[in-house]
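See structure below.
The values are calculated or read from the model by the stated rules, or taken from the named source; none is laboratory data. What you see is a predicted model, and the numbers here were worked out from it, not measured in a lab. Because the Cβ atoms are built from the backbone with ideal geometry, glycine has one as well, and the counts that use them run over all protein chains shown. Quick note on the areas: whole protein, heavy atoms, side chains included, nothing else; ligands and nucleic acids left out. Shrake-Rupley method; radii C 1.70, N 1.55, O 1.52, S 1.80 Å.
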Amino acid sequence: MDSQLTAWRMTEPARPVELETLPMPRAGDGRALLEVVSCGLCHTDVSFLYGGVRPRKPLPLTLGHEILGVVLEADRRTDLVGRRVVVPAVLPCGECELCRAGRGNICRRQKMPGNDFDGGFASHVLVPERYLVPVPAALAENSAIAVVADAVSTAYQAVERADVDPSRMVVVVGAGGVGTFAIQCARRRGATVVAIDISPERLEDVAAWTAGGLDASELTRRDIRSAVEEHERDAGLAPHGRVVLECSGSAAGQETAFGLLTYDGTLMVVGYTREKIPLRLSNLMAFDARAVGNWGCLPEHYPRLLDLVASGDLELEPFVEEQPMSRLNELMVRHDGRRPVLTPDF
């Protein structure tokens, strides 16, 4: 085995990542060593580098938390050596009171690659091995499944927690990296889905899964609300119980999403922004509605998700683009287009 690994490292905020050579770590203490196959680029990575969000590990840090890799060494899970695995983006401790209560995604001892420890924009990565998810044989050559680690799994859990079913209109605000998969997950549960975005191209990309797309750059918030209500009437749905998934991670998107709440409605906040927005929280009381945040996804959902991808019930390829990892700095400042999945080319 090589004695060194290569990684793109964040050394200072608001500066391009730098290519460095580091000593190769070894498996042990509940951790496995992976050779990175691919790693998705998430808005969270951009927020750490350029958005003023502080990662928990002191710098320097290798970013990247959507990791697909091959297990080279393991501590206890030696059955995984040689296997491709997905690394869940949120890794609970598995032992605390929250974990035992089924709330591992808010475990206070949780670890996140590219935040608490060095992540996947590298040739190799050392990760906690407890929750590594073996990749089904049908997906063995698919590098795109790195996005299951976060973009797909986060969307899936948000839809599951919102109790989406055919009786509910689902509005997805932000048809980007996470929103595209939220739309698919909601459709898979039989819901009528409307997408909102400021990009006509993104709305076109998800048209096959939606009852309609609304261009927020062309419509007022009142127009958007009227259009959503019209879609509800056309689908024969009641004007209550609406589910709104905020996936844009923007202040404008969050304001739009909150304005779409209705009686017995549910707002799932999936996107993140540091911007503050004014809200009339009394709407929650008046509508007897609820607003819920969704952080990551429980590791136990991942085998089911990989099966859905393998069966074709969830499609990845139309919404990702494979890129060489050497383009990381360039892609960090490009916020449009499909979700990049980066493959090492050191």
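Worth pointing out:
- For the stretch 177-192, the set of residues classified as within 20 Å of Ala252 (Cα to Cα) and of a type in the set (A, V, I, L, M, F, W, C) consists of Val178, Ala182, Ile183, listed by residue number.
- Residue within the stretch 338-345 that is open to solvent by 50 Å² or more (accessible area, probe 1.4 Å), in contact with a Pro (Cβ under 6 Å, 6 or more places away or on another chain) and of a type outside the set (Ser, Thr, Tyr) present: yes
- Among the residues of the stretch 262-289, the one identified as free of Cβ contacts under 8 Å to residues at least 40 places away in the same chain, hydroxyl-bearing (Ser, Thr, Tyr), open to solvent by 30 Å² or more (accessible area, probe 1.4 Å) and outside any helix (DSSP H, G or I) is Tyr263.
- Scoring Leu219 on the criteria (1) out of contact with any helix residue (DSSP H, G or I) (no Cβ under 6 Å at 6 or more places or on another chain); (2) open to solvent by less than 10 Å² (accessible area, probe 1.4 Å); (3) of a type in the set (A, V, I, L, M, F, W, C); (4) assigned to a loop (DSSP other than H, G, I, E, B) leaves a single failure, condition (2).
- Being open to solvent by 80 Å² or more (accessible area, probe 1.4 Å) and assigned to a helix (DSSP H, G or I) is a condition met by at least one residue of the stretch 313-320.
- Ser248 fulfils the conditions (1) among the polar types (S, T, N, Q); (2) surrounded by 17 or more Cβ atoms within 10 Å (Cβ to Cβ); (3) outside any loop (DSSP other than H, G, I, E, B) except for a single criterion, (3).
- Test: residue in the stretch 168-184 that is free of Cβ contacts under 8 Å to residues at least 40 places away in the same chain, farther than 17 Å from Arg225 by Cβ and open to solvent by 20 Å² or more (accessible area, probe 1.4 Å): no
- Among the residues examined, Leu245 qualifies as touching a strand residue (DSSP E or B) at 6+ places or on another chain (Cβ under 6 Å), in contact (Cβ under 8 Å) with a residue 12 or more places away in the chain and closer than 23 Å to Cys297 by Cβ.
- Residues being in a loop (DSSP other than H, G, I, E, B) and out of contact with any Cys (no Cβ under 7 Å at 6 or more places or on another chain) - total across the stretch 128-175: 17
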